[in-house]
Every structure is written in C-alpha cells, then in structure tokens.
Amino acid sequence: MEIGEHMGFLSILPPAIAIALAFWTRDTIISLFAACFIGVLLAGKGILGFPELLTNALGNGDFAWIFLLELFIGILIAFFQRTGSMKAFTTYVEKRKLSRKRVQLLTWFMGMFVFYSDYFSSLFVGSTMRGVSDKARISREKLAYITDSTSAPMSILVPITAWGVFVSGLLVGIGPIKDNSEAFSVFIQSIPFNFYAIITIVLVGLIASGIVKDFGPMKKAEKRATEEGKLIRDGAKPLISEELTDIQPYHKNKVLSLKLNFLVPVLIIITIAIGTYIAIDSVKTMEAFLAAVVFLGIVMRLQGIPLPDIMDTALNGIKGVMPAVMILAFAYAINTLSREMGTANYILDVTQSWMTPMLIPLIAFFAAAIVSFATGSSWGTYGILIPIAVPLAVVMAGGDINTSVLATIAAIAGGGVFGDHCSPLSDTTILSSTGAASDHIDHVKTQVPYALVGAGICIILYLFIGFIT
C-alpha cells in the first residue's frame with residue numbers, strides 16, 4: 001500500500017478486535033490470533049493470507065532480534081536462579097529491612113538508572129526486583145507498572161539513547177533543520193515539552209513513595225497482595241511459566257558468590273550496551289545479554305554445576321519466556337497487517353483536518369497516542385507522524401522553530417509512549433509483564449488509569465501552549 005493509502009474504517013478493525021478481545025477474554029494470544037485471521041479475510045487475502053502474514057511479519061531481522069533477546073534474557077534469569085544469585089540478591093536486600101515503600105522506590109530508581117534501553121529496563125528491573133517485591137507483598141501488577149512507566153519515558157527523555165537518535169534523524173531536512181547536529185539540538189530543546197514522559201516518571205515516584213495513594217484497579221490489586229498475600233489474582237496467567245519461576249539453586253547448602261554470579265554479568269551487560277553506544281552509536285543489547293549468558297554458563301561449570309544441568313537450565317529459561325514470545329509474534333503480525341491495511345494513514349486522514357496553529361500540539365499528541373495504541377509501536381508512530389505533523393507545525397510557525405514546533409515534536413514523542421502504555425499490543429508493555437511475571441492484561445488494566453492521569457494533564461498543558469503561541 002502506498003503512502004497515504006488505506007482501506008477506510010476496515011483498516012482499524014484488526015487492532016480494535018485484538019484489543020477488545022484481549023480485555024474481554026483475558027487471553028492475549030487467542031485474541032491476537034483471532035484478530036490476525038479476521039484481518040487477512042477483511043484485507044481480501046483469503047485463508048492462505050494468514051501463513052503469508054506470519055511469514056512476512058516474523059521472517060525479518062527486527063523480529064529475529066527481539067526473539068533472540070527474549071531467549072537470552074530467559075536463559076540468564078534461569079542461570080541467576082540456578083546459581084542461587086537471585087535468591088542471594090533478595091536475601092541481601094532483605095537484610096537492609098527495606099519497607100514496601102523503599103522497595104518500590106528502589107525499583108523506580110533502578111528503572112531510571114537503566115535508561116539506555118527500554119527493553120533491557122523492562123525485563124531486567126522486573127526480574128531482578130521480583131523476589132524482593134514478592135517478599136514485601138507488592139502485587140506483580142504494581143511491579144510491572146513501575147518498570148513499564150519508567151523504561152520508555154526515560155528512554156525518550158534522555159537524548160543519548162537510541163530513541164533520541166531515531167527521533168533526531170527523522171527531523172533532518174524539516175524546515176530550517178539542515179543536518180544531524182541541528183536536529184539533535186532541536187530534539188534537546190523539545191524535551192522540556194514532553195509532558196507525558198516527565199509527568200509519568202514523577203507520578204511513579206509519588207505513588208511508590210505513598211505521597212499519591214493507589215487508585216482504580218491497582219488499589220484492589222495492592223489490597224489483595226497485602227491482605228491476602230496473593231501477588232497475582234486467582235486465575236491469572238503470568239507471562240513467565242513455571243519452568244522459569246520454579247528453578248531452585250543447584251547447591252542447596254552452599255552460597256555462591258553474588259558478585260561473580262550476579263554483579264559481574266550485570267556489569268557485562270551495562271558495559272557492552274553503553275560501550276557500543278559510545279563507540280558505534282548503536283546499543284547492542286542482544287549481544288550484551290549473549291555475552292552475559294556465555295560468561296555465566298562458563299562460571300557455573302567452574303563452580304561444579306554439570307554441563308547437562310546447565311543445558312537443562314537454559315532450556316527451562318527458553319520455555320519460561322515462550323508465552324511472551326508468542327504474544328510478541330502475534331503483535332508483530334497484527335502490526336504488519338495494520339501497515340498493509342493503512343491503519344495509521346486512516347487515523348491521520350481523520351485527524352489531520354483538525355490541525356490549526358493553536359491545536360497542533362494537542363492534535364499531534366492525540367494522533368500519536370491513537371496510532372501507538374492501535375499498532376503497539378512508539379517508533380513506528382514517530383516514523384509516520386513526525387514527517388507529517390512537524391513540517392506542518394513549521395509552516396504554521398512561519399518557517400521557524402518556535403515553541404509550538406518544539407511542543408509538537410514533544411507531543412508526538414510523549415503521545416507515542418502514552419499509547420504504548422495503554423496498548424496490550426506494545427512490545428515494552430509485554431516485556432514489562434514478562435519481567436514482573438504479571439498477567440499481561442492485568443498489567444495493562446492497572447496501568448491505564450495512571451497513564452490517563454498523565455495524559456489529562458498533558459491535554460491542559462498543550463492547550464495552554466496553543467493559546468500562548
């Protein structure tokens with residue numbers, strides 16, 4: 001389908017069906033499968049269009065990368081548990097006798113510290129803090145919320161991340177922005193106007209500290225965890241299977257080195273991720289996890305764990321993340337189908353006529369949120385909207401980069417994250433559910449009210465900017 005083309009109202013039906021079924025049935029995999037199957041029929045591809053869709057969606061480098069990343073993370077978590085390092089880390093933190101509030105604040109700080117990769121942050125912080133969080137009777141939904149609502153917002157606010165580089169690259173050639181240096185400068189100037197990301201991170205801190213009390217479904221989840229000791233609701237389906245969560249340490253009566261089995265692998269990941277970004281301007285997250293897995297596998301063998309046991313542990317780690325891999329696979333398929341049917345183009349056609357100089361930041365925020373919600377992709381949203389909305393804002397500003405233009409860039413950046421936070425199709429939302437071992441739909445339902453609070457404040461602020469510029 002050419003740029004700007006779409007299938008009208010039909011183009012939004014597949015993602016709409018997926019989202020509606022996911023909330024109704026609480027089974028994300030079945031919902032995505034049904035939406036993909038119905039979608040190929042609506043697109044006129046027939047029954048044979050379904051395997052063709054899966055081939056196109058999954059037979060590419062993008063899915064292969066995130067698939068391998070998931071596998072390596074699953075193996076690493078399994079290794080952490082088999083060496084006893086995850087349990088030792090939990091014991092180490094417990095000795096500090098941290099309150100529920102401090103555990104939540106520590107999780108929040110860790111999420112902000114691991115700002116250079118939203119995927120790494122979502123999975124690493126959740127899986128690392130899960131044992132401590134469970135001991136403090138913090139619901140898995142709350143853990144998933146804290147990790148999810150600090151990962152992508154931090155990645156888009158800190159300019160030295162892949163997100164910043166990507167958005168800056170899209171700005172080159174728009175209006176007076178001539179090269180990457182100017183684009184990067186404009187992106188940095190737009191950061192203070194990214195109200196959703198800023199408000200979201202602050203709100204997480206306020207809720208974690210208890211200054212703002214839990215509300216909505218999260219309040220019910222936290223009450224269940226604290227009063228009944230149920231970290232997940234009855235009948236919930238965590239996005240990590242029992243093969244991974246039930247792994248016990250190999251050495252029952254021997255405590256292995258926490259530094260060697262936990263701290264060093266984590267430092268390997270951080271060093272490779274940051275080092276590759278500095279050296280080659282690209283965060284090699286998947287390669288970083290692979291290196292950590294290889295290192296820890298060798299260390300496990302040197303510590304007396306038999307090779308067959310190491311391989312069995314690795315296989316259990318892979319099995320443990322398969323529910324998340326299945327959801328990611330069908331999410332990629334529905335996103336591919338949405339592109340083929342022109343879902344984003346239809347949404348743009350509906351919203352573009354409303355854009356005026358006064359409303360353009362607000363409309364850009366809404367458009368980005370809707371596209372991101374429907375497709376589950378912040379980056380895809382940026383790639384579609386920035387080349388359309390930002391030039392329009394520049395023209396309305398008389399060819400200059402003024403407050404309205406900066407606010408429009410920031411509104412698209414923040415709106416993409418807001419849509420992601422509300423969408424069960426989002427990869428970072430799926431990964432946050434995986435890291436926290438939370439039921440995916442429960443995570444989305446408990447996070448949405450908090451995301452709506454941030455969005456509500458954004459609406460007021462973007463309206464205000466529209467009136468004063």
Considering residues that are at pLDDT below 90 and either acidic (Asp, Glu) or open to solvent by 30 Å² or more (accessible area, probe 1.4 Å) (or both), the number found within the stretch 283-303 is 2
Please work out which residue is farthest from ILE77 (Cα to Cα), limiting yourself to the stretch 428-454 and to residues that are open to solvent by less than 10 Å² (accessible area, probe 1.4 Å) and among the β-branched types (Val, Ile, Thr). THR446
Residue count, the stretch 386-427, condition open to solvent by 10 Å² or more (accessible area, probe 1.4 Å), closer than 25 Å to ILE12 by Cα and modelled with pLDDT of 90 or more, comes to 1
What is the residue count in the stretch 186-213 for residues that are free of Cβ contacts under 8 Å to residues at least 24 places away in the same chain and either touching a Ser or Thr at 6+ places or on another chain (Cβ under 6 Å) or surrounded by 15 or more Cβ atoms within 10 Å (Cβ to Cβ) (or both)? 1
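Tell me, which helices (runs of 4 or more DSSP H) wholly within the stretch 6-67 include 3 or more residues that are without any contact (Cβ under 8 Å) to a residue 12 or more places away in the chain and in contact with a helix residue (DSSP H, G or I) (Cβ under 9 Å, 6 or more places away or on another chain)?
Values: elements: 13-25, 28-42, 49-58.
Where helices (runs of 4 or more DSSP H) fall fully within the stretch 6-67 and carry at least 3 residues being without any contact (Cβ under 8 Å) to a residue 12 or more places away in the chain and in contact with a helix residue (DSSP H, G or I) (Cβ under 9 Å, 6 or more places away or on another chain), they are 13-25.
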Do the conditions hold for PHE124, that is, is it closer than 22 Å to PHE80 by Cα, modelled with pLDDT under 75 and either open to solvent by 30 Å² or more (accessible area, probe 1.4 Å) or part of a helix (DSSP H, G or I) (or both)? yes
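Here's the yes/no breakdown for (1) hydrophobic (A, V, I, L, M, F, W, C); (2) farther than 30 Å from PHE124 by Cα:
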| position | (1), (2) |
| --- | --- |
| THR375 | no, no |
| ALA389 | yes, yes |
| GLY399 | no, yes |
| THR429 | no, no |
Taking only pairs six or more apart or across chains, which ones have beta-carbon atoms under 7 Å, a first residue in the stretch 299-316 that is more than 14 Å from GLN81 (Cβ to Cβ) and among the β-branched types (Val, Ile, Thr), and a second residue that is in a helix (DSSP H, G or I) and open to solvent by less than 90 Å² (accessible area, probe 1.4 Å)? VAL299/LEU260; VAL299/ASN261
List every residue pair whose Cβ atoms lie under 7 Å apart, where the two residues are 6 or more positions apart in sequence or sit on different chains, the first residue falls within the stretch 156-167 and is under 14 Å from ALA183 (Cα atoms), and the second residue, located anywhere, is assigned to a helix (DSSP H, G or I) and at pLDDT below 75. PHE166/TRP379
Which numbered condition GLY456 fails, given (1) out of contact with any Leu (no Cβ under 7 Å at 6 or more places or on another chain); (2) in contact (Cβ under 8 Å) with a residue 12 or more places away in the chain; (3) not polar (S, T, N, Q): (2)
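Would you check if VAL172 is out of contact with any Gly (no Cβ under 7 Å at 6 or more places or on another chain), open to solvent by less than 10 Å² (accessible area, probe 1.4 Å) and either among the β-branched types (Val, Ile, Thr) or at pLDDT 85 or above (or both)? Steps first, answer last, please.
Working: out of contact with any Gly (no Cβ under 7 Å at 6 or more places or on another chain): yes; open to solvent by less than 10 Å² (accessible area, probe 1.4 Å): no; either among the β-branched types (Val, Ile, Thr) or at pLDDT 85 or above (or both): yes.
The answer is no for VAL172.
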Looking at TRP108, is it touching a residue at least 60 places away in the same chain (Cβ under 8 Å) and touching a Gly at 6+ places or on another chain (Cβ under 7 Å)? yes
Is one or more of the residues making up the stretch 68-80 out of contact with any helix residue (DSSP H, G or I) (no Cβ under 6 Å at 6 or more places or on another chain) and either within 27 Å of PRO15 (Cβ to Cβ) or open to solvent by less than 70 Å² (accessible area, probe 1.4 Å) (or both)? no
Identity of the residue in the stretch 1-58, under 16 Å from TYR346 (Cβ atoms) and open to solvent by 80 Å² or more (accessible area, probe 1.4 Å), that ends up modelled with the highest pLDDT: PHE9
Are there any pairs with C-beta distances below 6 angstrom linking a residue in the stretch 360-373 that is farther than 14 Å from PHE467 by Cα to a residue that is open to solvent by less than 10 Å² (accessible area, probe 1.4 Å) and not in a helix (DSSP H, G or I), with the two at least 6 apart or on different chains, and if so which? PHE373/SER423
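For the stretch 147-210, give me every one of the helices (runs of 4 or more DSSP H) that falls completely inside it and has 1 or more residues that are touching a strand residue (DSSP E or B) at 6+ places or on another chain (Cβ under 7 Å).
Details: elements: 162-171, 180-190, 195-209.
In the stretch 147-210, there are no helices (runs of 4 or more DSSP H) which contain 1 or more residues that are touching a strand residue (DSSP E or B) at 6+ places or on another chain (Cβ under 7 Å).
Identify, from the list LEU239, LEU231, the residue that is at pLDDT 80 or above, within 25 Å of the chain's Cα centre (by Cα) and open to solvent by less than 40 Å² (accessible area, probe 1.4 Å). Steps first, answer last, please.
Values: LEU239 fails: at pLDDT 80 or above.
LEU231 is the lone residue from the list that is at pLDDT 80 or above, within 25 Å of the chain's Cα centre (by Cα) and open to solvent by less than 40 Å² (accessible area, probe 1.4 Å).
The values are calculated or read from the model by the stated rules, or taken from the named source; none is laboratory data. Please read these numbers as outputs of a predicted model, since none were measured by experiment. Neighbour counts run over all protein chains shown; Cβ positions are idealised from the backbone, glycine included. Accessible surface is based on the protein model in full, side chains and every heavy atom, while ligands, DNA and RNA are left aside. Shrake-Rupley method; radii C 1.70, N 1.55, O 1.52, S 1.80 Å.
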